[in-house]
Each structure stands twice: as C-alpha cells, then as structure tokens.
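Undergrad: Take this structure, written in structure tokens, and hold onto it; I'll ask about it next.
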Amino acid sequence: MKKTTYLLLLLVLYSGCHSLRKSEQLSFNTFNAVSQKKVIVQNGAVVSAHPLASKVGLEMLKMGGNAFDAAIATQLALAVVYPNAGNLGGGGFMVARLANGDLKTLDYREKAPIKGFKEMYIDENGKAHTELSQNGHLSAGVPGTVAGLFATLPYARLPMKQLIQPAIELAEKGFLITAAEARSLNSLKKTFEKYNTVRPVFVKAGPWSDGDTLIQKDLAATLKRIRDNGQKGFYEGETARLIVEEMKRGHGIIGYKDLKNYKAIFREPHVFTYKGYSIVGMPMPSSGGLLLNQMMKMVEDRPLPEYGFLSPRSVQLMIEAERRAFADRAEYMGDADFYPVPVSMLSNESYLQDRMKDFVPGKAGSSKITQPGLSPVKESEETTHLSIIDRDGNAVSITTTLNNSYGSKTVVGGAGFFLNDEMDDFSIKPGVPNMFGAVGGEANAIMPGKRMLSSMTPTIVLKDNAPFLVLGTPGGTTIPTSVFQTIIDIIDFDMNTEDAVNQPKFHHQWLPDRVDIEKNFPQSLRASLEKMGYTLQERESIGRTEVIKVLYKTALNENFKGQFFEAVADNRGNDAAEGY
Ligand code: GLY
C-alpha cells in the first residue's frame, strides 16, 4: 500500500471513530432544562412532558434518527426524568404513520398476571379492596413498555445502544429536580415507605428541594442490562429475578413466566373520517380510538362552527356526545382478545345518530343505568403523552403510563423503577368505581393474561393522506374528551394550536352525572349550563395536551417554502416542545 493511501485510510478511520464518540455525547446541558412551549421548525419536532426528554428526542433526530428513534429515546429518558408517569414498569400505546403512508398501532399495554382472577380484590364479604388494586405489589400488571420499545426498533435507524445512552447518562449522573417535583416526592415520602420493601432513591432523610440532583444508579444498571441484552435484559435474567424477588417480598403475583411471555402486539388501527379528515386512533384494549370516533360522529352533522367555541350550544352538544360514548364504554368495551367488543356496531353512523335521538338542545340529558352491574369508571390521570414528527413524514403519537402518579408506589428493589398499578383499570367489581369514577362490567373483568381497558388516545389526523395533527394527552378518562375538544377546536372553530391546547376543557363521562370543568371555565357559560340542568364541578387542570400541527407555506408567509411543524406543549405542566 502506498504511504499516501495508508495515511488517507488512517484519516478516514480516525474521523469515523471520532464522529462515533461525538455522536454518543449529548449536545445539551442535562442540568439546564428550560421548557420551550412552542417551536415552528422544518426538520422534525418532539413534544413531551419534560424538557430533558424532548431534548433527548431532538438529539436523536439531529443524529440522523427518524421519529421512531426519537420516540424510543424520549420514552427512555422520560422513564428517568419523569418517574411519576414515564416508565419501564408500565405500558402504553403507539399510533404511527410511516413515511410511506402505512399506518401502525402498537399495543404494549400491561397484562393481568397468570395468577390474576376476576375476584382477586374482593373479600369473602363481597367488599372490593381498591387500596390493593391501586397501591403496592398486587396492583401491578405485567409491564409492557420495554417490549414496546423493541417492537418499535425495526422502524428506527439508530441502534438501541445509542438510543438508550442519554437515559443511562441521566440516571447515572442525575438531573436537577424542580420545585414541583420536590414537592411531589416530599408529599409521597410516607407512601413510598409504606409500599416499598427496599428503600428507594426517591426517599431521602431530609426533604427534597428545588435544584437537588436525582441520581438513579439502580435504574442506570437496569438500562445497561437492556442495552447489553435487549428485551431479555428486562424480561429475563437479572431484572426478571429482581422483579420476582420484589413480588415475593411484597406478596405480589407477577412471575417469571408472565415476564418471559409478554409480547407487544401490532393491531389494526381504528380509522374513521371527520369532515374530510382521516382520524387514526388506537383500537381495543384502548377505548380511546372508538370513543373519539363515537363523539366526533355524534356531532359531525351539527353546525358547530356556527355555534362557536365555548358557546352554551356547542358545549352542551359535546357534553351529551361524551355522556353517550362513555355509557357505551362501560357496557361494551374491554380487551377484544378476550371479549367480543361490538366495534362495528358502536361506530356505525346510523347507530350513533340514533344515540343522539333523545338529545334535547338546552336541556341536560340523563345517565340512566341501562344494565345492572355497571358502575362509574375512575382512572388515574398520571399518564404522559409524546408527539413526534420527522421531515420524511414519519409521525408518532404515544401515550404511556404507570396509571397513578408513580404507579403502585413500589420500586423494584435493586432495579430502580416503579411498577404500575394498572390492575385498577380493570373493572375490579361491577358497580365499584375505579379511581376515576368510571364504571365497567363483564367486558373489562379481570382474566389471566388479559389487558385492562384504557382511555389513552394517541391520535394522528391526516389531511389528504398526509399528517396534519399528531396529538394526545394524559388524564385518565378525560383523555378522549380532551383529544375530542382539541380536534374540534382546530377543525371546527379554526382555532390556533396554542389556544386549542390551553383554553379551558370540560369533561363528562356518563357516571357520575356531572360536568367537570377547569377553573378558568367562563362564568356566564357555567350559569347557562346550570340553567339547562347540569351539575358542574370545578377541578384541577384537565390533561396536558401535546400537539404537532403541520403547516403549509401559505399558513406562514410566501417567503417560506414547503411544510413546517408547529409543535405546542401544554402550559398546564412543565411540558416542552423541541425541534430544528
Ligand atoms: N391508566 C390510564 C389509562 O390507561 O387510561
């Protein structure tokens, strides 16, 4: 080999190694998380519940990854920096649109363990013990998130080793917690002590303060096992051993077989049209796609734009659509692998028009119980949503959860992650409301291996077959109603994205028969609804909606060419939009 060729080869090799090393370092300061609420960009955008997680997703896009790379890395980062809902020990749903136009929905919802059974939370006197379905070891379903990440990987471009590295760094070196995060950890100190067999890092001698560094060594070690051994690094080997040992110490029932057999499943997307748009949602075991379909079709033929945003007429109409959809949820919806959910009937247009036959403008409807044994459904609101898009046209909408804030409150000893309390999303006893007051019957009863019904509504709206909106929100049963209202605000009321995200939301879920409203819900509207016969209840904020809207050049000004992504993060939390 000639000397110059040899030198050239060395140079190429060196620059290759150099760029690899560089690509593994994060370009942003993990100790400086500033929340950006809106970006308008051309190459790709990420919106999530935490600024560091959104930055990690952006980093992957900049390193040549696509929306799927960003989705995997953002979820892993959320598992570290947003432990109240980001997770390894929970589950979620992904709705995706590939650059080639294909639509995918991925179900990585938790499952009831093999030892689970219908009356597992009911004592000999017939009393349902929600403290067991909502806290501690017995409330945990078999986690699905890690299987979901690996099922997503074939659509990504970068190796898992690179996608997981930011999460490992954030866990190992730590990150600064905010005042709100410190308050939340402090308020749960006693609860964490109660439900843990090994003292977790989230409990410390003194109180947490704004600006403290949260370092999670056990979690970093779990992430490294996943990096080195793939899915088996979680569902088998040391992590599985730690989970099963934790179960033994806390009288839980998840076993090795539950973990080894867990599979994420690609399902047929739930797609419907609304005023010329195609709406792509999650099918069972999430009620989200079908509920959204029902609510939107129940109002489609009414002149909403003429009624106007937050007018008594439009709000009443939407409340009544919400009431009817949630009544159907309680009666018919559950894991379709175990129960024959009549999806075609429930989404049939004449059925839905029929459902609205008894709607009386100006008069509150009623929530009669149509079937004995149905009871209000209550679901935890501490879920989290991420919306991502890239310049090739891949769009990813993911909602993931531990159910309650910090799930079961139980951290797997030595593994550093919270287990979910998703078992509470089953109808643990017909007639007994879950933590969201939502009711369910036989369709959502516990069976071994069954997935519990969810309300998560990750959604993509297509216009002329191209992505128009990528959206979703946390919020338990308020999720489908928040997504419903956000889409109506944009399509029918022609509202800008920030207002559609941040303007007050309302919620009705059939039972309890009342309308939940946010604090800034207009007074005159309250009075009008009360006059119609509605009971209103003011509550904390509803959802944290993350929206990416695709703008075309005419939406900006003529000097710009092509499409732009307007990514908006909800003001209700520390949510952040990033893009480039
Ligand atoms: N745990 C909230 C949901 O799945 O809807």
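No value in this document is a laboratory result; all are computed from the given coordinates. Not measured: the values here are computed from a predicted model. Please note: Cβ atoms are built from the backbone with ideal geometry, for glycine as well, and neighbour counts cover all protein chains shown.
Undergrad: Among the lysines, select those whose C-alpha is under 18 Å from the C-alpha of Lys519, and discard any that sit fewer than 8 residues away in the same chain.
TA: Straight-distance partners of Lys519: Lys505.
Undergrad: Given Pro200, Asn571, Phe426, which one lies farthest toward the positive end of the charge dipole of the chain, if we put +1 on the Cβ of every Lys and Arg and -1 on the Cβ of every Asp and Glu?
TA: Result: Pro200, furthest along the dipole toward the positive end.
Undergrad: What does the charge count near Val515 come to, summing +1 for each Lys or Arg and -1 for each Asp or Glu among other residues with Cβ under 12 Å from its Cβ?
TA: Overall, the nearby charge balance is -2.
Undergrad: Please turn the phi angles of the range 206-211 into ³J(HN,Hα) values with the Karplus equation 6.51 cos²θ - 1.76 cosθ + 1.60 (θ = phi - 60°), one per residue in order, whole Hz, x for glycine and proline.
TA: Once rounded to whole Hz, the list reads x, x, 6, 10, 3, x.
Undergrad: Rounded, prolate or oblate for the range 251-360? Axes are the square roots of the Cα gyration tensor eigenvalues, ordered a ≥ b ≥ c, and the cut-off for rounded is a/c under 1.5.
TA: The shape class here is prolate.
Undergrad: Using +1 at the Cβ of each Lys and Arg and -1 at the Cβ of each Asp and Glu in the range 509-551, identify which of Ile517, Ser541, Ser528 lies farthest towards the dipole's positive end.
TA: Ser528
Undergrad: Right, here's the next one. Where the centroid of each part is defined by its Cα atoms, how far is the range 228-248 from the range 117-131 in Å?
TA: A separation of 29 Å, based on Cα centres.
Undergrad: A follow-up question, please. Determine the distance separating the Cα centre of the range 250-292 from the Cα centre of the range 486-520; give it in Å without decimals.
TA: Cα centres, the range 250-292 to the range 486-520: 24 Å.
Undergrad: So which GluC sites (Glu not before Pro) in the range 48-143 end up in coil per DSSP with only 14 or fewer other C-beta atoms within 10 Å?
TA: Glu119, Glu124
Undergrad: Sticking with this one: Let me know the Rg and Dmax you get for the chain when you use only its Cα atoms, in Å.
TA: In order Rg, Dmax, the Cα atoms of the chain give 23.4, 91 Å.
Undergrad: If you don't mind, there's one more thing I want to ask. Compute the separation of the alpha-carbon centres of the range 69-84 and the range 146-202 and state it in Å as a whole number.
TA: Going from one Cα centre to the other spans 7 Å.
Undergrad: Just give me a number: lysine pairs in the range 40-187, eight or more positions apart or cross-chain, with C-alpha atoms less than 23 Å apart.
TA: 7
Undergrad: Contact order normalised by length for the chain, with contacts defined as Cα pairs under 8 Å and 6 or more residues apart; what percent is it?
TA: In percent, rounded to a whole number, it is 23.
Undergrad: Please list 224-231, 351-358 highest first by mean number of surrounding beta-carbon atoms within 10 Å per residue.
TA: Averaged packing, sorted descending, gives the order 224-231, 351-358.
Undergrad: Which of the aspartates and glutamates could be linked to Lys248 by a straight reach, that is with a Cα gap under 16 Å, when you skip same-chain ones fewer than 8 residues away?
TA: Cα-Cα hits under 16 Å: Glu238, Asp258.
Undergrad: For Phe468, which sequence-distant residues (separation of 5 or more, or a different chain) have an amide H within less than 5 Å of its own amide H, given hydrogens modelled in the peptide plane?
TA: Val461, Leu462, Lys463
Undergrad: Sticking with this structure for a sec: Might you report the magnitude of the Cβ-based charge dipole of the chain about its Cα centre, with Lys and Arg at +1 and Asp and Glu at -1, to the nearest 20 debye?
TA: It comes to approximately 1300 debye.
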